[in-house]
Structures are given as structure tokens and as C-alpha cells.
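*Asks:* Let me begin by handing over the structure; questions about it come next.
Nothing in this text is a laboratory measurement; each read-out follows from the coordinates by a stated rule. Here the structure is a predicted model, which is why all the values come from computation and not from measurement. So basically every Cβ, Gly included, is an ideal-geometry build from the backbone, and we count neighbours across all protein chains shown.
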Amino acid sequence: MAKGLTPEQAVDRLEELHASASAALRGALARFTESGVVPTPEERRRFLYPELRVDWQPAGAVHFTRRAWAKFQTPGRYATTVTQPRFFRDYLLEQLRPLSEEFGAAIEVGPSDQEIPYPFVTEAGDEFIHGDLSVVDLARHFPTPVLASVGDEVADGTWVSDETRPRPLALFDALRVDYSLRRLVHYTGTDWRTIQPWILATNYQRYVDHFLTWATDELAKPSSPYTQLVLPGGAVVRRGEDAAIASATVAAAPWHRFQMPAYNLLRSDGRGGVTLINIGVGPSNAKTATDHLAVLRPHCWLMIGHCGGLRQSQTIGDYVLAHAYLRRDRILDDLLPPEVPVPALAEVQVALQQAAERVTGERGDALKRRLRTGTVVSYDDRNWELRWSQERRRINHARAIGVDMESATLATQGYRLRVPYGVLLCISDKPLHGEIKLPGAATRFYQRAVGEHLRIGLETIDLLRGELGSLHSRKLRSFDEPPFR
């Protein structure tokens, strides 16, 4: 265990250990597939994740900071295993520097006792399966993902303190991160490395169409901060590319092969690009996507999708800015009880309203006629209207103004997994007032509203880029929070 390291030395050492362990595991896999020679116990001791340890034993006055992250709740030793440290380098340094420079914590790095599962050092996942070899053969001789060891006990506050072992340094250990990185590739159809820290989630394909038009227009501008658009399936549109070639590349993307296709627009200025993900319909999809996106520690995820308006005064095409959620989605009830409030984040709420003002050009009473702030109810049943007689009283008590199936899940996951969140919905129908989605009216609505709605989401992200110091709110931190964001 290397001790007394600076943050930069620590991350360098993490990269060395992870690269060495991954190379040893890949080498043993290649040898086994070629000659059948299995790794020895001594060789398997090289297939280990690196471990990062931080020791804080304050003497004298304790440093105080209003920052919500990179700080200690209590003295002691903290540790976590780390994967892909080269990719997470900036994040790791962002966390370690304050702990070292402000708090005087000591940093150590060395091998852990947690093996790297063999699928997590492969790209395609099956490149070492040849001839008569099977997954069963590999699992017999190489470490595999043990799902009993993959969990969210730290994030959910159910981990058991043991004075003989270090406290958690981060919400997710290496095994949990690697598991989700592979799931992201499976669901989104894109390399997890291209997913950006500013995420827009939608529940409708037309938002994707408008995003692609906007993104390719941006890439056609020589002065644009954006450099490339990564599409589901891996195709890339680059800045300055011929318009016809760019259009053909976008049209050929096999997005339909993936359950939650992602479109990643990268920037050159180091401030993080934008990812749009069509998470589809329902709370299960919303939870699945955010469970895995959370390990990337994004700066924010925003829901921009459709909802039903619940008030007579609302008009199709109006906006609903959620400041509270009536959780009828049920999917997270066992992890975060429904009686726990999911607060609105002031920084996100203000940015969403300011973005709406800029994009629509409306302010004051004019904007209030189109944008209403209130409670959104999310259901796990698309046909909730058939239970209106049972649901009416609850919705009335909640003073709900909009209804959908994903927003409460996305917000609750942000609260649970410490990712800033926000929800701005557009009313596409009024199911309780006879204004339902009919083909002609729906088409006119989509043509008018979707493009403006998307631009509000993008403008919100532009505003929040300058608010990182306050965006990662203390509202999301628990009493026994790990030091890392």
C-alpha cells in the first residue's frame, strides 16, 4: 500500500494498478482460450481492483466548508475500490484535492481484495469465447460478477458499520460501477465513455428528432463548442462534416435495436456536453436508466417529456414545472418510503424558469399563463383514468396539476443517488376534461411544442453549467454521507 500520496500521485497509482490488473486478466484469458492453461492462484491475486484509502485524524480545529461534497462527516479511515481511473481522473482529483489540501487527510493506494470479473476487461464481452469454449468454461476458472456483492447499501444507508474496516469513501465501489457501465452499453447502444454529465431524459421519440436536427446544425457551425455527436450503434457525426453525409449517418443509426437509445453531443471546452436518452414509458425504465447513469456521477438529469394536464385552466402545450411529486409509481417504495419528501432543488427550478423565459420570450403574467408550478403525480399504470373514482380524492389532496409515468421516479432516483434533478413537462392532453390525444390535434401539438420544449431543456443546461458550485446541493446529503460526491 503506497502511503502519503498527493491526489495526483494517488490517481496515477490507481491507473497503474488498474491497467496492470486488467492486462494480467486479459492475458490469462487469451492464454486459456488458446491453450487451455488455467490461471494459478498466484496469478489470480493479480486480478484485483485497486483500492483508494483516505485517513482523516484531525488535530485542533476542524475545517468547516459549506460545500456539499469532498468533506468528512466524522474522523476515521475511508476506502473504496476504483475502476476505470483514467476515465474518472478529473472526478477523482476533484474529490481528493479538498480532502488533502483543506482537511489534511492522508491518501493511500494499493491492491484490494476484490477481484475484477473477467467480462469487465473485455470490450465485446465474448471475444475470448472460441471453438468449443463457453461462458461456463470461463466462469469455472476466472472471476465472474457475483450479483450478491453488487448493491446500493451505501446509497440507501443500509450498510453496516464495522469498526475494524474503513468507512465507505464513495457511494459506489468498483464492482457496482463496472456492472452499470456494461448495462449502459446494453441499454443505450453507445459507449459509456461518451455519455455526458448533462442528461436530458425524454419519453417520446419526437424529442430525439428535434435534438438530432439541433445537434447537426450546431456541428455545422465553425464556432460551435460541440465537436461530435455519438449515435446509438457507435456511428459519429463530426463538426464540419458535409451535411449530406451527416444526415445519412443519422438516418442509418440503428436506434431501434436498443431499449433506451442515447445521443451524446460532446464539447471541446471541458465543461461537459449533453446526452439525450429516450427512456421510453414507465417508471421501470426510468429507474433502470438512472440506476446505471448514476455511477457516472453526472451533474444533473432533467426530464423533458409529455404529461396530462389536470386543471381546467391549463391548455394543451402549456408547461408544468414540478416542485413536488405524488409517488404512485410504487417502484421505489421499498428503497425510499413514500412518506420521505423529495424536495425541489432551487438552483434547477430557477434555471428551468429562466430558460423558459429566454426561449419563449415571455415573462411575468404572460409566462405564468403557460408555465405552472405544482405537484406532478406519476403512476405505474398508464390506464389510471379507469380508476378515477378511487384516485380522485388523493389527487385533489395533493393539488396535482400534471400526471405522467416517469417524473417522480426520475426525481426520487436523483434524491436517492445524489444526482441533481428537475422536471419540466409539456401538456399533451387533458384526460379529465375531454381533451384526449386525437391524431390530427396531436400532430399539430407535436410540431409546435416539442422543439420549443427541447430548447428550454438545453438552455437550462447552459445556465446550470455556471452554477456547479451550488448545484450539488446539501439537500441531497445524508448524516453519514461518504466524502465523495
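*Asks:* How much FRET efficiency would the formula 1/(1 + (r/R0)^6) give for R369 and V146, where r is the Cβ-Cβ distance and R0 is 60 Å, rounded to 0.05?
*Replies:* 0.60
*Asks:* Same structure again: Local charge sum around H397 (other residues, Cβ-Cβ under 13 Å, Lys/Arg +1, Asp/Glu -1)?
*Replies:* Summing Lys and Arg as +1 and Asp and Glu as -1 gives +4.
*Asks:* Checking the a/c ratio against 1.5 first, then a/b against b/c, what shape does the Cα gyration tensor give for region 335-485?
*Replies:* Since a/c reaches 1.5 but b/c is at least a/b, the shape of region 335-485 is classed as oblate.
*Asks:* Assuming a ≥ b ≥ c are the square roots of the Cα gyration tensor eigenvalues, decide whether region 7-184 counts as rounded (a/c under 1.5), prolate (otherwise, with a/b larger than b/c) or oblate.
*Replies:* Since a/c reaches 1.5 and a/b is larger than b/c, the shape of region 7-184 is classed as prolate.
*Asks:* What is the Cα centroid distance between region 464-485 and region 17-54, reported in whole angstrom?
*Replies:* Spelled out, the Cα-based centre of one part sits 36 Å from the other.
*Asks:* Right, another one. Using r as the Cβ-Cβ distance of S473 and S35, and R0 as 45 Å, what FRET efficiency do you calculate, to the nearest 0.05?
*Replies:* 0.25
*Asks:* Restricting to the chain, compute how many DSSP beta bridges are antiparallel as a %, nearest 5.
*Replies:* Roughly 50 percent of the DSSP beta bridges within the chain come out antiparallel.
*Asks:* At a threshold of 8 angstrom on Cα-Cα distance, excluding pairs fewer than six apart, so keeping six or more, what relative contact order does region 190-474 reach in percent?
*Replies:* Contact order relative to length: 24 percent.
*Asks:* On to the next question. Could you run the Karplus curve 6.51 cos²θ - 1.76 cosθ + 1.60 with θ = phi - 60° over region 381-394 and give me ³J(HN,Hα) per residue in whole Hz, x for Gly and Pro?
*Replies:* 10, 4, 9, 4, 4, 6, 10, 4, 4, 7, 8, 4, 5, 5
*Asks:* Helix 283-293: angle to the longest alpha-carbon principal axis of the chain, degrees 0 to 90, nearest 10?
*Replies:* Between helix and principal axis, roughly 40 degrees.
*Asks:* Please list, in chain and number order, the residues 5+ apart from M303 or on another chain whose amide H is under 5 Å from its amide H, with Hs placed from the backbone.
*Replies:* Hits under the 5 Å cutoff: A201, G422, V423, L424.
*Asks:* Quick one, what does Rg over Rh come out to for region 190-474 if you take C-alpha atoms and the Kirkwood Rh?
*Replies:* 0.95
*Asks:* Now for a different question. Pick out, in residue order, every one of the GluC sites (Glu not before Pro) in region 30-127 that is DSSP loop and has at most 10 other C-beta atoms within 10 Å; say none if there are none.
*Replies:* In loop regions of region 30-127 (DSSP not H, G, I, E or B), the sparsely surrounded GluC sites (Glu not before Pro) are E123.
*Asks:* Counting each DSSP H run of 4 or more residues in the chain as -39500 (n - 2.57), what helix-only mean residue ellipticity at 222 nm follows after dividing by all residues, to the nearest 500 deg cm²/dmol?
*Replies:* Theoretical 222 nm ellipticity from helices: -11500 deg cm²/dmol.
*Asks:* Give me the one-decimal nm value for the distance between modelled label points at L386 and V340, 7 Å along each residue's Cα-to-Cβ direction.
*Replies:* Between L386 and V340, the simple spin-label model gives 3.3 nm.
*Asks:* Give me the one-decimal nm value for the distance between modelled label points at R393 and E452, 7 Å along each residue's Cα-to-Cβ direction.
*Replies:* Going from the R393 label point to the E452 one covers 3.9 nm.
*Asks:* If you don't mind, another one. Antiparallel DSSP bridges in region 7-184: what percent, to the nearest 5?
*Replies:* Rounded to the nearest five, the antiparallel share is 85 percent.
*Asks:* On a 0 to 90 degree scale, rounded to 10, what angle separates helix 346-360 from the longest Cα axis of the chain?
*Replies:* Roughly 50 degrees between the two axes.
*Asks:* How high is the FRET efficiency from D217 to V136, r the C-beta distance, R0 56 Å, rounded to 0.05?
*Replies:* Efficiency at R0 = 56 Å is approximately 0.65.
*Asks:* In terms of Cα to Cα distance under 16 Å, which aspartates and glutamates are near enough to K71, apart from those fewer than 8 places away along the same chain?
*Replies:* Here the aspartates and glutamates satisfying the reach criterion relative to K71 are D55, E94, E101, E102, D480, E481.
*Asks:* To continue, here is another question. Report Rg/Rh for the chain, rounded to two decimals, where Rg is the Cα radius of gyration and Rh the Kirkwood radius.
*Replies:* 0.99
*Asks:* How many angstrom separate the Cα center of region 314-389 from the Cα center of region 235-288?
*Replies:* Here the two parts' Cα centres lie 26 Å apart.
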